[in-house]
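J.: Supplied in structure tokens, the structure appears directly below.
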Amino acid sequence: MSGPKTKPTDASVEDFLAAVEPARRRDEGQAVCALMQEVTGEAPVLWGPSIVGFGRYANVTADGRSTDWPRMGFSPRKAALTLYLASTPETEAMLARLGPHTTSVACLYIKRLEQVDMGVLRELCVASWEEMKRRYP
């Protein structure tokens with residue numbers, strides 16, 4: 001059986017972000033990377049070919065297997081900037097103040113970073129980081 005495809009690599013996050021197209025998404029990726037690095041105090045690591053992650057924890061799947069996964073991360077995808085954040089009791093209220101976005105289970109999708117409140121985005125990242133430290137000390 002093969003292992004997970006999404007695992008930390010030695011690839012340069014700076015080079016990865018510099019190659020993102022279009023230029024607007026590249027700039028957004030660099031801005032979110034700087035924000036998450038400031039919030040976490042961790043160096044960014046490229047996980048697989050396209051996820052920039054911060055920290056790591058052992059994620060146990062439904063079948064009992066444990067795989068490493070970033071505590072927080074993002075991917076500057078073509079359709080939207082995708083942020084991987086943990087939910088907290090305050091998440092819904094913060095999202096109501098964020099600006100245009102969509103969500104799924106653990107993902108926050110932002111089409112245009114310039115349209116969201118960066119202060120609220122920072123609050124979401126701080127809350128997510130603290131929640132992950134609480135869940136996975």
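Since every read-out is calculated from the coordinates, none of them should be taken as a lab result. Remember, it's a predicted structure, so these values are computed and weren't measured experimentally. No Cβ is skipped: glycine too gets one built from the backbone with ideal geometry, and neighbour counts run over all protein chains shown.
J.: Given only helices, namely DSSP H runs of n ≥ 4 each adding -39500 (n - 2.57), what is the per-residue ellipticity at 222 nm of the chain, to the nearest 500 deg cm²/dmol?
T.: About -11500 deg cm²/dmol.
J.: A further question on this structure: Within 10 Å of each residue's Cβ, count the other Cβ atoms and sort GLU92, GLU123 from fewest upward.
T.: The fewest-first ordering by Cβ neighbours comes to GLU92, GLU123.
J.: With r defined as the distance between the Cβ atoms of ASP68 and VAL120 and R0 fixed at 30 Å, what FRET efficiency is calculated, to the nearest 0.05?
T.: 0.55
J.: For LYS111, go through the lysines and keep the ones whose alpha-carbon is under 27 Å away, minus same-chain ones fewer than eight residues off.
T.: The qualifying lysines are LYS5, LYS7, LYS78.
J.: State the antiparallel share, in %, of DSSP beta bridges confined to the chain, rounding to the nearest 5.
T.: For the chain, the DSSP antiparallel bridge percentage is about 100.
J.: Let me spell out the model: positive unit charges on the Cβ of Lys and Arg, negative unit charges on the Cβ of Asp and Glu, origin at the Cα centre of the chain. What dipole size does that give, in debye rounded to 20?
T.: Here the chain has a charge dipole of around 340 debye.
J.: Another question, then. Could you work out, for the stretch 95-137, what percent of all Cα-Cα pairs fall into each 5 Å distance bin, beginning at 0 Å and stopping at the bin that holds the largest distance?
T.: Computed distribution, short to long bins: 5, 22, 26, 25, 12, 7, 2.
J.: Next question. Normalised radius of gyration for the stretch 71-112, please: alpha carbon Rg relative to 2.2 N^0.38 Å, two decimal places.
T.: 1.11
J.: I've got another one for you. Classify the chain as rounded, prolate or oblate from the Cα gyration tensor: take a ≥ b ≥ c as the square roots of its eigenvalues, call it rounded if a/c is under 1.5, otherwise prolate when a/b beats b/c and oblate if not.
T.: Because a/c hits 1.5 or more and a/b fails to exceed b/c, the chain counts as oblate.
J.: For LYS133, go through the aspartates and glutamates and keep the ones whose alpha-carbon is under 14 Å away, minus same-chain ones fewer than eight residues off.
T.: The reachable aspartates and glutamates, counting only those whose Cα sits under 14 Å from LYS133, are GLU42.
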